[in-house]
Amino acid sequence: MTDKSTRFVHLGRPKPGLGTPVNPPVQRASTLLFNRAEDLYRTDIRGYGRHGSGVHDALCELFLELEGGKSCQLYPSGVMACTQPILAFVKPGDHLLLTDSVYGPTRYFCQTYLKRMGVETELYDPRIGAGIADLIRDNTSIVLLESPGSLTFEIQDVPAICSSARDRGVISIIDNTWSAGLSLNPLILGADISTHSATKYFGGHGDLLYGAAICADPRHGEQIAATAKQMGVASASDDAYQVLRGFRSVVTRFEQQARTSEVLARWLTEKGQIRRVLHPVLESHPDHALWQRDFSGGGCLFSVELAPCSTAQVNQFINALELFGIGYSYGGFESLAIHCDPQLKRKFGEALDGPIVRFACGLEAVEDLISDVEQALATLD
């Protein structure tokens with residue numbers, strides 16, 4: 001089995017027998033019983049429901065296959081998958097390097113919770129590349145990446161940044177949610193840990209929260225797993241089952257959504273109301289060459305910079321959309337649109353003269369989405 005779509009259909013399943021279900025059963029349990037007192041304190045088996053079940057094991061198998069990793073830790077939300085691995089490797093007095101283009105809740109966590117812990121967070125230009133070496137200190141413990149960046153879609157030089165970090169014994173963690181691990185494999189490019197908000201593509205239906213962190217080095221995985229266990233991290237078997245089910249069709253859904261986003265993005269480049277389209281698949285994107293080098297495809301999410309207009313006009317445009325829901329997240333079956341400016345905080349990068357609107361393409365026909373955006377753009381004339 002060489003194709004991921006084939007492997008995701010057949011991995012993490014029970015061995016067929018007489019009337020075997022196609023997926024592992026959901027086990028709902030907190031207390032796990034033993035018939036011998038001697039077995040209660042064994043460390044080679046699960047002793048409590050918080051430590052997972054067979055369906056969690058099956059899901060980990062698929063995430064390891066996705067990223068080519070050696071260990072996987074599951075989380076009950078995407079934000080926890082982005083923040084918990086940090087806690088496994090920092091201590092008071094440490095210094096953390098954080099890309100300025102990072103997901104907003106991760107930024108907030110580093111600048112508030114970690115600050116109270118005595119950890120200093122320094123923002124860096126997402127386009128810094130090998131120049132990150134100049135920012136690494138003796139007490140730097142983590143470099144955190146996200147490529148492309150949230151909202152503004154800068155592509156980072158992952159191999160250069162991760163190589164510089166590894167040379168100094170610094171852990172590199174990348175949020176790989178945008179690519180679903182299908183169009184970017186950061187562990188192969190040198191990252192130590194790849195995190196996912198599985199809420200997005202793997203959930204696929206906008207009705208659950210989930211996350212995962214995959215490590216290239218099993219020793220890092222052990223440290224992350226120990227931290228999760230100490231802090232009581234657990235996820236419901238029902239949620240793990242739904243993410244596992246989403247894996248079965250994720251390649252097909254992802255490819256359609258990526259194609260849709262590219263077609264829509266290219267169409268928008270011709271519209272007078274649009275000042276700039278921020279999608280790395282476009283030749284006009286400043287990091288397009290990096291994207292071509294490291295990525296095998298796109299993703300469903302991109303932004304546009306509108307020609308200068310008021311907040312009221314931006315809201316009028318979004319409110320006029322009929323097929324795009326107004327809400328956070330992406331990777332689900334329904335297309336979404338949000339005004340980014342209220343949450344847009346950047347220290348580095350180009351000046352943005354116009355408002356930013358982010359589109360998340362769902363499973364609707366691209367022709368219908370184009371027609372919807374076209375009629376909504378008329379409100380900006």
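The values are calculated or read from the model by the stated rules, or taken from the named source; none is laboratory data. In this text the structure is predicted, and so the values were computed from the model without any measurement. Reconstructed Cβ throughout: ideal geometry from the backbone, glycine too, with neighbour counts over all protein chains shown. Please note that ligands, DNA and RNA were not included when accessible areas were found on the heavy atoms of the full protein model with its side chains. Shrake-Rupley method; radii C 1.70, N 1.55, O 1.52, S 1.80 Å.
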Contour minus Cα-Cα distance for residue 296 and residue 33 (0.36 nm per residue) = 89.9 nm
note = Karplus-derived 3J(HN,Hα) from phi for segment 114-128 (6.51 cos²θ - 1.76 cosθ + 1.60, θ = phi - 60°), whole Hz, x at Gly and Pro, runs 5, 4, 5, 6, x, 9, 8, 9, 10, 7, 10, 5, x, 9, 6
ask   = Is it possible to state the helix-based mean residue ellipticity at 222 nm for the chain, with each DSSP H run of 4+ residues giving -39500 (n - 2.57), the sum divided by total residues, to the nearest 500 deg cm²/dmol? What is it?
value = -10500 deg cm²/dmol
note = In order over segment 332-337: 3J(HN,Hα) from phi, Karplus 6.51/-1.76/1.60, θ = phi - 60°, whole Hz, x for each Gly or Pro, gives x, 6, 9, 6, 9, 9
inquiry  = Quick check for me: using +1 on Lys/Arg Cβ and -1 on Asp/Glu Cβ, what's the dipole size of segment 117-215 about its Cα centre, in debye to the nearest 20?
reply    = 220 debye
remark   = Between residue 98 and residues 5 or more places away or on another chain, the pairs with built amide H atoms under 5 Å apart involve 122, 123, 124, 144
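Once you have the Kirkwood Rh of segment 50-118 from its Cα pairs, apply Stokes-Einstein at 37 °C and 0.692 mPa s and quote D in µm²/s. Don't skip to the end; give the middle numbers.
Numbers: Rh = 13.9 Å.
Taking Rh from Cα pairs, D becomes 235 µm²/s.
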message = Give me the dipole magnitude in Debye, nearest 20, for segment 239-381 about the Cα centre, with unit charges on the beta carbon: positive for Lys and Arg, negative for Asp and Glu.
response = 520 debye
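First compute the accessible area of the chain with a 1.4 Å probe, then give the percent of it belonging to carbon and sulfur atoms. Don't jump to the answer; show the numbers that get you there.
On the way: 8620 of 16780 Å².
Within the chain, the accessible surface is 51 percent carbon and sulfur.
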query = If you take the Cα Rg of segment 111-169 and divide it by 2.2 N^0.38 Å, with N the number of residues, what do you get?
reply = 1.17
task = With an 8 Å cut-off on Cα pairs and a minimum separation of 6 or more residues, tell me the relative contact order of the chain in percent.
result = 17 percent
remark   = Interchain or sequence-distant (5+) residues whose placed amide H lies within less than 5 Å of the amide H of residue 140 are 95
query = Against the longest principal axis of the chain, how steep is helix 54-67, in degrees 0 to 90 to the nearest 10, with axes from Cα atoms?
reply = 50 degrees
query = Based on Cα positions only, what radius of gyration and what Dmax would you give for segment 310-359, in angstroms?
reply = 12.1, 35
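Ratio of alpha-carbon Rg to the 2.2 N^0.38 Å globular estimate for segment 1-58, to two decimals, please.
Working: Rg = 15.2 Å, N = 58, 2.2 N^0.38 = 10.3 Å.
The value comes to 1.48.
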note = Longest principal axis of the chain (C-alpha) makes with the long axis of helix 237-268 (C-alpha) an angle, in degrees to the nearest 10, of 20 degrees
task = Per residue, how big is the convex hull around the C-alpha atoms of the chain? Give it to me in cubic angstrom, could you?
result = 151 Å³
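With +1 on each Lys and Arg Cβ and -1 on each Asp and Glu Cβ, and nothing else charged, work out how big the dipole of segment 167-300 is about its Cα centre, in Debye to the nearest 20.
Result for segment 167-300 is approximately 300 debye, rounded to the nearest 20.
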request  = May I ask for the angle, rounded to the nearest 10°, between helix 366-377 and the longest principal axis of the chain, with both axes built from Cα atoms and the value confined to 0 to 90°?
outcome  = 50 degrees
request  = For segment 133-229, report the convex hull volume of the alpha-carbon atoms normalised per residue, in Å³, without decimals.
outcome  = 115 Å³
note = If the chain between residue 5 and residue 313 were fully extended at 0.36 nm per residue, the gain over the current Cα-Cα distance would be 106.6 nm
Shape box of segment 236-341 [Cα atoms, principal axes, largest first, Å] = 48, 35, 20
query = Picking from 143, 357, 263, which is most flexible by a Gaussian network model of the chain using Cα springs under 10 Å?
reply = 263
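Taking only protein heavy atoms and a 1.4 Å probe, what accessible area per residue, in Å², does the chain have with all protein chains in place?
Details: 16780 Å² over 381 residues.
Ligands and nucleic acids excluded, the figure is 44 Å² per residue.
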ask   = With θ set to phi - 60° and the Karplus curve 6.51 cos²θ - 1.76 cosθ + 1.60, what are the ³J(HN,Hα) couplings of segment 166-183 in order, to the nearest whole Hz, using x for Gly and Pro?
value = 5, 4, 9, x, 9, 6, 10, 10, 10, 7, 10, 5, 4, 8, 6, x, 9, 10
